[in-house]
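So the structure is just underneath, and the comments pick up after that.
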Amino acid sequence: MARGWGKEEDFEDAEDGSERFREAPAKASPYVTTEGYARLKAEYEELWSVRRPETVRALTAAAAEGDRSENAEYQYRKKELREIDRRVRYLQKRIPDLKVAGQKPARPERVYFGAVVELAPEQGDPKTYRIVGPDETDATQGRISIDSPLARALLNHEVGDVVLAKLPGGAIEFEILSVGYP
């Protein structure tokens with residue numbers, strides 16, 4: 001059947017024999033740290049108030065140059081505007097759904113959302129991670145998503161516990177050396 005949009009794997013057979021668009025996967029956790037929320041709001045404001053107007057001005061100037069089909073600047077600016085609009089739409093939908101978790105938990109010796117955890121793997125040097133929301137993960141800075149296998153394995157454990165994390169590369173045991181909340 002010719003659909004005109006969507007990929008083949010995006011469709012599934014309905015009970016009546018027709019095809020229907022497959023449901024989107026479950027949403028990521030709605031939690032975010034105070035700093036992460038501020039970064040997302042700042043990104044939205046910068047995109048909407050600064051980058052989008054600049055791109056629209058550049059696009060208008062490129063469109064005035066004539067033949068748009070062979071105008072590389074026009075094509076580039078159209079693509080840039082689509083990317084900005086895509087991100088703005090995502091942030092407009094995501095920011096209202098976020099739940100800011102900025103308070104320290106009642107039991108700060110345990111690992112919960114927002115914790116900074118120092119771990120000693122079976123082999124190798126200790127590593128420090130902060131458990132954050134999926135919108136603020138950054139492996140280079142040691143910020144891991146609460147939805148990640150490692151974070152899920154660490155939740156509700158405390159200093160001295162040995163935790164078995166089933167990671168994509170295989171199961172690894174970690175000892176929790178310290179837990180803190182910034």
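The values are calculated or read from the model by the stated rules, or taken from the named source; none is laboratory data. What you see is a predicted model, and the numbers here were worked out from it, not measured in a lab. Ideal geometry is used to build each Cβ from the backbone, glycine not excepted, and the neighbour counts take in all protein chains shown.
A few remarks follow.
- Count of residues meeting criterion [under 19 Å from Leu98 (Cβ atoms) and touching a Leu at 6+ places or on another chain (Cβ under 7 Å)] in segment 132-182: 2
- Yes/no for Tyr76 being surrounded by 15 or more Cβ atoms within 10 Å (Cβ to Cβ) and out of contact with any His (no Cβ under 6 Å at 6 or more places or on another chain): no
- Glu118 satisfies every condition listed in (1) closer than 25 Å to Thr34 by Cα; (2) not in a strand (DSSP E or B) except (2).
- Residues of segment 60-113 satisfying the condition of being of a type in the set (Gly, Ala, Ser), assigned by TED's automatic domain parsing to the domain that holds Tyr37 and farther than 29 Å from Ala42 by Cα: Ala63, Ala64, Gly66, Ser69, Ala72
- Lone qualifier among Asp147, Asp135, Asp125 - being outside any strand (DSSP E or B) and more than 23 Å from Thr33 (Cα to Cα): Asp125
- Qualifying residue in segment 65-76 (condition: assigned to a helix (DSSP H, G or I) and either within 30 Å of Asp135 (Cβ to Cβ) or in contact (Cβ under 8 Å) with a residue 40 or more places away in the chain (or both)): yes
- Residue check for Ala62: exposed (fewer than 11 other Cβ atoms within 10 Å of the Cβ), part of a helix (DSSP H, G or I), of a type in the set (A, V, I, L, M) and without any contact (Cβ under 8 Å) to a residue 60 or more places away in the chain: no
- Screening Glu173 with (1) assigned by TED's automatic domain parsing to the domain that holds Tyr44; (2) over 24 Å from the mean Cα position of the chain (by Cα); (3) acidic (Asp, Glu) gives one miss only, at (1).
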